Amino acid sequence: MAFYKNPEEMYKARAKRFKEDGDRHWAMAKSGEGNFHYYKAKKCYEEEKYNENKAKESRGRSW
(Lines give C-alpha, C1' and ligand atoms only; values in the text may rest on other atoms or scores of the structure.)
Protein backbone atom coordinates (compact mmCIF):
# COMPACT_ATOMS: atom_id res chain seq x y z
CA MET A 1 0.00 0.00 0.00
CA ALA A 2 2.98 2.30 0.37
CA PHE A 3 3.16 2.45 -3.42
CA TYR A 4 0.05 4.67 -3.58
CA LYS A 5 -0.34 8.16 -2.14
CA ASN A 6 -3.78 7.42 -0.70
CA PRO A 7 -6.50 4.73 -0.72
CA GLU A 8 -8.48 6.52 -3.44
CA GLU A 9 -5.56 6.24 -5.87
CA MET A 10 -5.18 2.54 -5.07
CA TYR A 11 -8.85 1.77 -5.70
CA LYS A 12 -8.84 3.75 -8.94
CA ALA A 13 -5.84 1.80 -10.20
CA ARG A 14 -7.51 -1.48 -9.31
CA ALA A 15 -10.74 -0.43 -11.05
CA LYS A 16 -8.79 0.48 -14.18
CA ARG A 17 -7.04 -2.90 -14.21
CA PHE A 18 -10.33 -4.79 -13.80
CA LYS A 19 -11.88 -2.73 -16.62
CA GLU A 20 -9.01 -3.65 -18.94
CA ASP A 21 -9.25 -7.32 -17.99
CA GLY A 22 -13.01 -7.29 -18.47
CA ASP A 23 -12.68 -5.72 -21.91
CA ARG A 24 -10.08 -8.32 -22.88
CA HIS A 25 -12.23 -11.25 -21.73
CA TRP A 26 -15.31 -9.76 -23.42
CA ALA A 27 -13.41 -9.51 -26.71
CA MET A 28 -12.26 -13.12 -26.42
CA ALA A 29 -15.80 -14.28 -25.70
CA LYS A 30 -17.20 -12.34 -28.67
CA SER A 31 -14.59 -13.90 -30.96
CA GLY A 32 -15.88 -17.37 -30.09
CA GLU A 33 -13.47 -18.54 -27.40
CA GLY A 34 -16.17 -19.79 -25.03
CA ASN A 35 -18.57 -19.04 -22.24
CA PHE A 36 -15.80 -18.94 -19.64
CA HIS A 37 -14.75 -15.54 -20.96
CA TYR A 38 -18.29 -14.14 -20.63
CA TYR A 39 -18.31 -15.22 -16.99
CA LYS A 40 -14.83 -13.82 -16.36
CA ALA A 41 -15.72 -10.50 -18.03
CA LYS A 42 -18.84 -10.22 -15.87
CA LYS A 43 -16.80 -10.80 -12.71
CA CYS A 44 -14.18 -8.25 -13.77
CA TYR A 45 -16.85 -5.60 -14.41
CA GLU A 46 -18.38 -6.29 -10.98
CA GLU A 47 -14.97 -5.84 -9.35
CA GLU A 48 -14.48 -2.62 -11.30
CA LYS A 49 -17.73 -1.20 -9.92
CA TYR A 50 -16.82 -2.29 -6.39
CA ASN A 51 -13.41 -0.60 -6.59
CA GLU A 52 -14.87 2.58 -8.10
CA ASN A 53 -17.32 2.79 -5.20
CA LYS A 54 -14.52 2.22 -2.68
CA ALA A 55 -12.51 5.00 -4.37
CA LYS A 56 -15.46 7.39 -3.97
CA GLU A 57 -15.86 6.39 -0.31
CA SER A 58 -12.17 6.92 0.43
CA ARG A 59 -11.89 10.30 -1.26
CA GLY A 60 -9.94 12.71 0.94
CA ARG A 61 -8.58 10.02 3.25
CA SER A 62 -4.95 9.21 3.78
CA TRP A 63 -3.10 6.26 5.19
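The values are calculated or read from the model by the stated rules, or taken from the named source; none is laboratory data. Here the structure is a predicted model, which is why all the values come from computation and not from measurement. As a convention, Cβ positions derive from the backbone with ideal geometry for all residues, glycine included, and neighbour counts pool all protein chains shown. The protein model used for the area step is the full one, side chains on, heavy atoms only, and it has no ligands, DNA or RNA in it. Shrake-Rupley method; radii C 1.70, N 1.55, O 1.52, S 1.80 Å.
Numbers for the structure displayed
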quantity	calculated
Translational diffusion coefficient (Stokes-Einstein; Kirkwood radius from C-alpha pairs) of the chain at 25 °C, 0.890 mPa s, in µm²/s	199
Carbon plus sulfur fraction of accessible area for the chain, probe 1.4 Å, in percent	51
Helix 7-30 axis, angle to the chain major axis (alpha carbon atoms, nearest 10°)	0
Surface accessible to a 1.4 Å probe, per residue, for the residues of the chain, Å²	76
Net charge contributed by nearby residues that have their C-beta within less than 12 Å of Lys30 (K/R +1, D/E -1)	-1
Protection-proxy order for peptides 35-43, 53-61, each taking the mean of Cβ atoms within 10 Å per residue, highest first	35-43, 53-61
Cα-projected label distance for Asn6 with Glu33, points at 7 Å along beta-carbon direction, nm	3.7
